[in-house]
Amino acid sequence: MTELLTIRGLTRDFGGFRAVDGVDLDVAQGAIHSVIGPNGAGKSTLFSLITGERRPTAGTVRFDGRDLTGLAPHAVTRAGLAKAFQTTSIFPRLTVGESVCAALAARNAQLRLLRSRTKAGIRAEAETICGALGLAEHIHRAGSALSHGDQRALEVALALATAPRLLLLDEPTAGMSPFETKRVVDQITGLARERGLTVLFSEHDLDTVFSISDEVTVMHQGRVLAHGPAAEVRANDEVMAVYLGSEP
Ligand SMILES: Nc1ncnc2c1ncn2[C@@H]1O[C@H](COP(=O)(O)OP(=O)(O)OP(=O)(O)O)[C@@H](O)[C@H]1O
Ligand SMILES: [Mg+2]
């Protein structure tokens, strides 16, 4: 399979502490690839190095053959990579529809499509994205008035509005009920399959991870402990030992 994202030797120090330690990771075009690991394993830091929110101490990030290492977040987004955050970062005062329209308009402005796209066209696209994430009935509600699960779905909608080729989701189901988790995960995987999106996903719930992922990378103390097809990683005793809290 063609690799869309290729990471080599990615490292990030915070003072004397190495949070991400020489990570190699390949994400295949069209795959749903999960990054798992105990709290503090370095997953969020790794994601922030990919999106340009933080600069790596060492190593490289290549996306579709382009070197993105150390680029600013807006340049990374423009290259076709979008992230929904572990902590909620929606526009609380705007309605759901306004938020998604704003994200779509920003992307169109970047692509200088503004003149060729009508307001009605943007609104229709916003409705499609909201519908795909189960937000259609909330389109006129303020972001702050939504349930936690719907706020997370809105974040995914905002990331999708930038028309990414690679969508990074850092614990999109954090704080959700099992019911909401299933709904959002089903919607994300459905969308990914339908749109040929590549997804890099971090998640604590292993049942969810193993049911939706093509590939799984396991991090522990900043390093890659294991990686491979989901079934293979699930059968790895070392991985399970880390999850049961004992050292491999
Ligand atoms: N800005 C920072 N300054 C210092 N240390 C940090 C900083 N950000 C993260 N760390 C440390 O780096 C390590 C990795 O953190 P990170 O948030 O990447 O882990 P994680 O795998 O995302 O954990 P979780 O599952 O809890 O979200 C942790 O030990 C954390 O305390
Ligand atoms: Mg995290």
Per-residue [θ]222 nm for the chain (sum of -39500 (n - 2.57) over DSSP H runs n ≥ 4, rounded to 500): -11500 deg cm²/dmol
Remind me, relative contact order of the chain in percent, using alpha carbon pairs under 8 angstrom and six or more residues apart? 26 percent
Could you tell me what percent of the accessible area of the chain is made up of carbon and sulfur, with a 1.4 Å probe and every protein chain present? 52 percent
Beta carbons within 10 angstrom, averaged per residue: use that to sort the peptides 5-11, 122-128, highest first. 5-11, 122-128
Quickly rank 144-157, 204-217 as a protection proxy: mean count of other C-beta atoms within 10 Å, highest first. 144-157, 204-217
Under a straight-distance cross-link criterion of Cα-Cα below 16 Å, which lysines are reachable from Lys43, leaving out those fewer than 8 residues away in the same chain? Lys83
Restricted to the chain, the DSSP antiparallel beta bridge percent, nearest 5, is 55 percent
Using the alpha-carbon centroid of each, what span in Å lies between the range 19-82 and the range 125-168? 23 Å
With a 1.4 Å probe and all protein chains in place, put His33, His227 in order of accessible area, largest first. His227, His33
Whole number in Å², please: accessible area per residue of the range 142-215, 1.4 Å probe, ligands, DNA and RNA not counted. 35 Å²
Once you list every other residue whose beta carbon is under 10 Å from the beta carbon of Ser202, what net charge do they have if Lys and Arg are +1 and Asp and Glu are -1? -2
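The values are calculated or read from the model by the stated rules, or taken from the named source; none is laboratory data. From a predicted model like this one, the values you see are computed outputs, not experimental measurements. For neighbour counting, all protein chains shown are included, and Cβ atoms are generated from backbone atoms with ideal geometry for every residue, glycine included. Remember, those area values only see protein heavy atoms, side chains included, never the ligands or the DNA or RNA. Shrake-Rupley method; radii C 1.70, N 1.55, O 1.52, S 1.80 Å.
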